[in-house]
1. Could you check the range 281-332 and list, in sequence order, the residues that are open to solvent by 80 Å² or more (accessible area, probe 1.4 Å) and in contact (Cβ under 8 Å) with a residue 60 or more places away in the chain?
2. Any residue at all in the range 342-358 that's in a loop (DSSP other than H, G, I, E, B), in contact with a strand residue (DSSP E or B) (Cβ under 7 Å, 6 or more places away or on another chain) and on the phi > 0 side of the Ramachandran plot?
3. Based on what the data block shows, is Asp143 acidic (Asp, Glu) and in a helix (DSSP H, G or I)?
4. Which pairs do you get when a residue that is within 20 Å of Gln126 (Cα to Cα) and in contact (Cβ under 8 Å) with a residue 24 or more places away in the chain, found in the range 69-86, comes within reach of a residue that is within 6 Å of the ligand (Cβ to nearest atom) and open to solvent by 30 Å² or more (accessible area, probe 1.4 Å), reach meaning Cβ atoms under 9 angstrom, with the pair 6+ apart or on two chains?
5. Just checking, does the range 344-357 include any residue being touching a Lys or Arg at 6+ places or on another chain (Cβ under 9 Å), within 16 Å of the ligand (Cβ to nearest atom), more than 20 Å from Val78 (Cβ to Cβ) and of a type in the set (Gly, Ala, Ser)?
6. Within the range 202-225, count every residue that is out of contact with any helix residue (DSSP H, G or I) (no Cβ under 9 Å at 6 or more places or on another chain), at negative phi and within 11 Å of the ligand (Cβ to nearest atom).
7. Could you list, in sequence order, all residues of the range 150-205 that are of a type in the set (A, V, I, L, M), at pLDDT 95 or above and assigned to a loop (DSSP other than H, G, I, E, B)?
Amino acid sequence: MRHSAFNLLVQALRGHRDLRPAWRDASPKSAYDVVIVGGGGHGLATAYYLAKEHGLSKIAVIEKGWIGSGNAGRNTTVIRSNYGEPGNIPLYELSLKLWEGLEQDLNYNVMVSQRGIVNLFHSDAQRDAYARRGNMMRIHGVDAQLLDEAEIRRHAPFLDFDNARFPIRGGLLQRRGGTARHDAVVWGYARAADGRGVDVIQNCEVTGMVIESGVIKGVETTRGTIGAKKVGLAVAGNSSRLAAMAGMRLPIETCILQAMVTEGIKPLIPGVITFGAEHFYISQSNKGGLVFGGDIDAYKSYAQRGNLPIIEDVCECGMALMPMIGRLRVLRQWAGNVDMTMDGSPIIDKTPVSGLYFNGGWCYGGFKATPASGFTFAHLIARDTSHPAAGALRLDRFATGYVVDENGKGAQANLH
Ligand SMILES: Cc1cc2nc3c(=O)[nH]c(=O)nc-3n(C[C@H](O)[C@H](O)[C@H](O)COP(=O)(O)OP(=O)(O)OC[C@H]3O[C@@H](n4cnc5c(N)ncnc54)[C@H](O)[C@@H]3O)c2cc1C
């Protein structure tokens, strides 16, 4: 009721004197039962579900900057569960189901908008691949619909059908896919976690791990050493750095991913559209801007800024798909660090250090996974055993050979 329309009106008339911050600016205590490193969506969601689903208290989320300053606040907000591998589908479908009830759960408007996502195909071989993916989805109880060219023409008449360099033959539609407001997701989880007693500690960088005889004892930070019985890493693009502090070398490389937004225009794009001939996807924000992105800048970097050649490449793809986009002005461009695994799928698992758990390797697409990533990571930390939906996402799969090869390009990130 703190944020009911009535209370907001009363507060407005009283000069906002009694409005409290949405979450406390907590200071680190000497020790916690569980410390989650990383105040992005995944870290905050993990802390929330640890408190809500497993009844744990004495939890802290430690963030080196401000919450949402990483990829959580930089992504293009696409949510979907149109994956093709049995190792991935249960996790992303669990996530979509959690998205569908998230606003009620958090009592926060995270602006989930299920306007659908269409993956276009441009050749017979690609049609076969998408038909197979759609079948895999349906076998797992996920909605999927194969559209032919005429149906795509009705769905998105502004695409270039008649003079196209890559003719559009159809698309795979997931109606339940769409977008959610990324900042609101971070704020919603932070407020809800704080409401359950979680300390959300900002401006506190983890600089080392305290490990004794192979058991985690806490973390060293820029604000002192913090003891912990269990530590969960959810630092996305910084995964390799944090793992190195615990003496681990991960099958992850960090690259740059950029995105762009144009000036606002009248409603045009129905949901999300992805180009099948190149790496380009586009949606429209609630303010009217066209939000789009494409490939990673292929070099390795921890800098949160991109390079011009990829912007040019992405814009060329946009022009090939919908030439009228060339008349719009790009207002902003930004970048984040994506944690690329060698098979394109994430990792949610224990580590060789007792009490240290790892969540990362989200590649291009961890935002959509935020609720299920937190839900299953909390399960793993609380019960010391994998949640069934994340059972295949093991750290040792590159050694055992049980990869979850979502990209179908083998365990080689430079071919992605
Ligand atoms: C341009 C772009 C577009 C994207 N588009 C999509 C999309 O449309 N759909 C989708 O599903 N996914 C998308 N993604 C991917 C998605 O954003 C990420 O996979 C996801 O946000 C990662 O999880 P997170 O939110 O917890 O990460 P982050 O928000 O990056 O959280 C990690 C946090 O850890 C903190 N941290 C790092 N090191 C330390 C340390 N030493 N001590 C303390 N804290 C530390 C960081 O500051 C950061 O806040 C996109 C990513 C980018 C960059």
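1. Scanning the range 281-332 gives Asn286, Tyr302, Gln304, Arg329, Leu331, Arg332.
2. The answer is yes, given that some residue of the range 342-358 is in a loop (DSSP other than H, G, I, E, B), in contact with a strand residue (DSSP E or B) (Cβ under 7 Å, 6 or more places away or on another chain) and on the phi > 0 side of the Ramachandran plot.
3. On the way: acidic (Asp, Glu): yes; in a helix (DSSP H, G or I): no.
In short, no.
4. none
5. The answer is no, given that none of the residues of the range 344-357 is touching a Lys or Arg at 6+ places or on another chain (Cβ under 9 Å), within 16 Å of the ligand (Cβ to nearest atom), more than 20 Å from Val78 (Cβ to Cβ) and of a type in the set (Gly, Ala, Ser).
6. Result for the range 202-225: 6.
7. Pass one, the range 150-205, residues of a type in the set (A, V, I, L, M): 150, 152, 156, 159, 164, 168, 172-173, 180, 184-186, 190, 192-193, 198, 200-201.
With at pLDDT 95 or above added as a condition, the list becomes 150, 152, 156, 159, 168, 172-173, 180, 184-186, 190, 192-193, 198, 200-201.
Scanning the range 150-205 gives Ala156, Leu159, Ile168, Ala180, Val198.
Residue by residue, here is whether (1) under 29 Å from the mean Cα position of the chain (by Cα); (2) open to solvent by 10 Å² or more (accessible area, probe 1.4 Å); (3) under 11 Å from Val198 (Cα atoms) holds:
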residue	(1), (2), (3)
Leu9	no, yes, no
Trp23	yes, yes, yes
Ser30	no, yes, no
Val37	yes, no, no
Gly41	yes, no, no
Leu50	yes, no, yes
Ser57	yes, yes, yes
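The values are calculated or read from the model by the stated rules, or taken from the named source; none is laboratory data. Note that this is a predicted model, so its numbers are computed, not measured. Because the Cβ atoms are built from the backbone with ideal geometry, glycine has one as well, and the counts that use them run over all protein chains shown. We work out accessible area using only protein heavy atoms, side chains counted, and drop any ligands, DNA or RNA first. Shrake-Rupley method; radii C 1.70, N 1.55, O 1.52, S 1.80 Å.
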